[in-house]
1. Considering each residue of segment 310-330, count those that are more than 17 Å from Val247 (Cα to Cα) and either among the aliphatic types (A, V, I, L, M) or in contact with a Gly (Cβ under 8 Å, 6 or more places away or on another chain) (or both), and give that number.
2. Filtering segment 208-228 down to residues that are out of contact with any strand residue (DSSP E or B) (no Cβ under 8 Å at 6 or more places or on another chain) and aliphatic (A, V, I, L, M), which residue is surrounded by the most Cβ atoms within 10 Å (Cβ to Cβ)?
3. Among the residues in segment 59-72, are any out of contact with any Leu (no Cβ under 8 Å at 6 or more places or on another chain), modelled with pLDDT of 95 or more, part of a helix (DSSP H, G or I) and not assigned by TED's automatic domain parsing to the domain that holds Gly278?
4. I need the strands (runs of 3 or more DSSP E) fully contained in segment 238-337, keeping only those with at least 2 residues that are of a type in the set (Gly, Ala, Ser) and in contact with a strand residue (DSSP E or B) (Cβ under 7 Å, 6 or more places away or on another chain).
5. Take the residues in segment 193-238 that are of a type in the set (D, E, K, R) and in contact with a Phe, Trp or Tyr (Cβ under 9 Å, 6 or more places away or on another chain); name whichever of them is nearest to Leu287 (Cα to Cα).
6. For segment 234-271, give me each residue that is without any contact (Cβ under 8 Å) to a residue 60 or more places away in the chain and surrounded by fewer than 21 Cβ atoms within 10 Å (Cβ to Cβ).
7. Please name all residue pairs, on different chains or six or more residues apart, with Cβ atoms under 8 Å, provided the first residue is in segment 123-139 and is in contact (Cβ under 8 Å) with a residue 60 or more places away in the chain and closer than 25 Å to Leu26 by Cβ and the second residue is small (Gly, Ala, Ser) and buried (at least 16 other Cβ atoms within 10 Å of the Cβ).
Amino acid sequence: MSDASPEVDTPRVSSQTLDTYQHLLLGGEPTLSAEDVARELHVEVELIERYWLEMGFQLGDRAEKQFTEWDVHALRYWGASLKEAGISDETAAALTRAQSHLADRLVLWEMEALVQDAERTHHLDDTSSRVVAIHEMKDVIDAFESHMTYAWRRHMYALIERMTRDIAVRAKDPSRRRFPLSRALGFVDMVSYTSTSSILGGKLVGLIERFEYLCRSVVTANGGRVVKMMGDAVFFIADNLEVGLNVVTSLIQTLGETEDLLPVRASLIQGDVFSRSGDVFGPPVNLAARLVDVAPTGQILTDAPTAAAIASSSLRKEYRVEDLPPVHLRGFGKVTPFVVTHIVTGSDTGHERTRDVAQTTLAPESLSTK
């Protein structure tokens with residue numbers, strides 16, 4: 001796909017194409033109904049229907065042939081493994097929903113990436129690009145599946161490593177917290193996005209792609225994690241205030257110096273939160289979301305406790321905090337925001353390195369074995 005070609009014979013999508021993918025992805029044509037699967041697994045048919053809904057699929061008639069032997073094997077192994085591990089039915093259902101939701105998002109993301117690649121490489125319209133992407137997918141299914149498993153293992157280890165550190169810190173901190181996770185978190189959003197998006201036309205897609213790529217790159221390069229992207233904004237989190245400050249100041253600098261992006265503004269809060277369903281919740285999240293809405297262009301706002309934490313620690317050598325006039329924030333009343341400014345020194349090369357890393361795209365061919 002990396003060798004550009006101005007002309008390509010666009011294939012057609014036919015019933016034979018679907019037959020091919022049935023074999024590749026489902027193990028063959030569906031020949032079993034929900035009732036058949038229930039009989040094979042010796043369970044009530046309602047359990048199969050509930051599982052199918054948790055997977056994110058619409059229920060058909062109980063007699064409709066919509067399952068394959070692969071489905072039976074997957075459900076049998078999943079159920080037996082969780083039962084052996086002592087996991088409750090409620091938790092098993094939550095895990096099924098989580099994995100299925102992420103799989104739904106992932107396959108859409110992957111297919112749209114192939115569509116965009118076809119558009120750029122072959123200069124095709126959207127419909128033709130989708131046809132090409134469908135045909136190209138069969139060549140990368142194994143690679144996508146293998147890399148997904150690898151990425152899951154890497155991220156699971158990183159999570160367990162973070163949790164281990166958290167547990168060690170809590171053992172030394174006897175204070176009781178309202179929520180279990182002490183984190184630095186914040187938002188960065190593009191200013192005037194709503195009014196500008198209506199006049200950008202086709203350039204809007206490129207704007208969002210560039211913004212998301214740079215945000216994910218900068219956040220990761222500075223030790224933070226992206227909680228979620230929201231089109232014109234990024235919600236990030238970091239394990240401590242120092243890392244959070246590195247993340248948010250690098251984002252402001254990198255995005256501000258990038259051409260063809262809208263101006264940005266940011267917020268950063270240190271506080272106690274909790275995590276559910278892959279998201280992060282708590283009053284600090286809500287406050288950070290409100291502060292970014294009133295932040296001046298190119299500036300970072302924080303609250304009084306976070307400003308005090310910066311001013312009373314060694315971080316004051318790198319960051320300056322200044323209070324602004326109080327503002328009324330929905331759900332919080334009158335709040336005094338503080339502007340956080342990074343004090344740039346002659347030896348400070350961290351942001352320059354972050355920018356270089358973020359703006360470097362690693363081509364697939366550079367990773368291949370010669």
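The values are calculated or read from the model by the stated rules, or taken from the named source; none is laboratory data. For clarity, every value in this text was computed on a predicted model and none was experimentally measured. As a convention, Cβ positions derive from the backbone with ideal geometry for all residues, glycine included, and neighbour counts pool all protein chains shown.
1. 4
2. Val218
3. No; the residues of segment 59-72 include none that is out of contact with any Leu (no Cβ under 8 Å at 6 or more places or on another chain), modelled with pLDDT of 95 or more, part of a helix (DSSP H, G or I) and not assigned by TED's automatic domain parsing to the domain that holds Gly278.
4. 264-276
5. Lys228
6. Asn240, Val243, Gly256, Glu259, Asp260
7. Once the first residue is in contact (Cβ under 8 Å) with a residue 60 or more places away in the chain and closer than 25 Å to Leu26 by Cβ and sits in segment 123-139, its partners that are small (Gly, Ala, Ser) and buried (at least 16 other Cβ atoms within 10 Å of the Cβ) give Val132/Ala118; Glu136/Ala118.
Results for (1) over 15 Å from Ala34 (Cβ atoms); (2) touching a strand residue (DSSP E or B) at 6+ places or on another chain (Cβ under 8 Å), shown as yes or no for each residue.
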| site | (1), (2) |
| --- | --- |
| Thr68 | no, yes |
| Ala74 | no, no |
| Trp78 | yes, no |
| Ile87 | yes, no |
| Glu90 | yes, no |
